[in-house]
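Working notes, beginning with the structure itself.
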Amino acid sequence: MTATIEQLAERLSVLEDKEAIRVLKSRYLRACDLKQPAQVRDCFLPEAVHIEYQGFPLFTDRDAFVATYESMACQGGVYDIHHAANWDIELTGPDEARGIWSLNFRTILTGPRQINRLAVEYDDIYRRVDGRWWIARSVSRVTSMLSEQIGEDGSISVIASGAVPAT
């Protein structure tokens, strides 16, 4: 079967949109790890957003979310790593898409001498405005966790594992 130029152009456009969304999500996660609040903010739609991360209040504007991020993550002794994989992006309209991601998250807290590891599932909505993709909605759910305590002697003991304790 031979594809027309129009069909090839459409397929290429879909691939370019999905790649732009993957780059957006990567930019967001990297900015979180590198403690770059301005870059974190710049990944979210400037208008009203929906950010619903398990264990946090619902955020409907990016500035409130970034303020909470700064107060928790941008402190000395907090080291994070966000690795997203298993992406599944579906274009749901000419300027909207849905993305599902698996996240392997780890934070090292030097003050309390703890390491927390989370498996997280993201469910995102992306919107294109003036040719640029933005995160419009991001919902996360923790699927498993492991918390460890680092002893004064360097030994590691498990504090909690399995499902996230109910709050």
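The values are calculated or read from the model by the stated rules, or taken from the named source; none is laboratory data. This one's a predicted model, so the numbers in the text were calculated from it and none came from an experiment. Backbone-built Cβ (ideal geometry, glycine too); neighbour counts: all protein chains shown.
When the residues of the stretch 37-52 are filtered to those that are in a strand (DSSP E or B) and not acidic (D, E), the one that is nearest to Y122 (Cα to Cα) is I51. Can you find even one residue in the stretch 66-81 that is of a type in the set (G, A, S) and under 15 Å from the mean Cα position of the chain (by Cα)? Yes. With respect to A97, is the statement that it is in contact with a strand residue (DSSP E or B) (Cβ under 7 Å, 6 or more places away or on another chain), among the small types (G, A, S) and closer than 23 Å to F65 by Cα true? Judged against the criteria, A97 is a match. Would you say T60 is among the hydroxyl-bearing types (S, T, Y) and within 18 Å of V142 (Cβ to Cβ)? When the stated conditions are applied, T60 does not pass them.
Within the set L29, L24, the sole residue that is assigned to a helix (DSSP H, G or I), within 17 Å of R128 (Cα to Cα) and modelled with pLDDT of 95 or more turns out to be L24.
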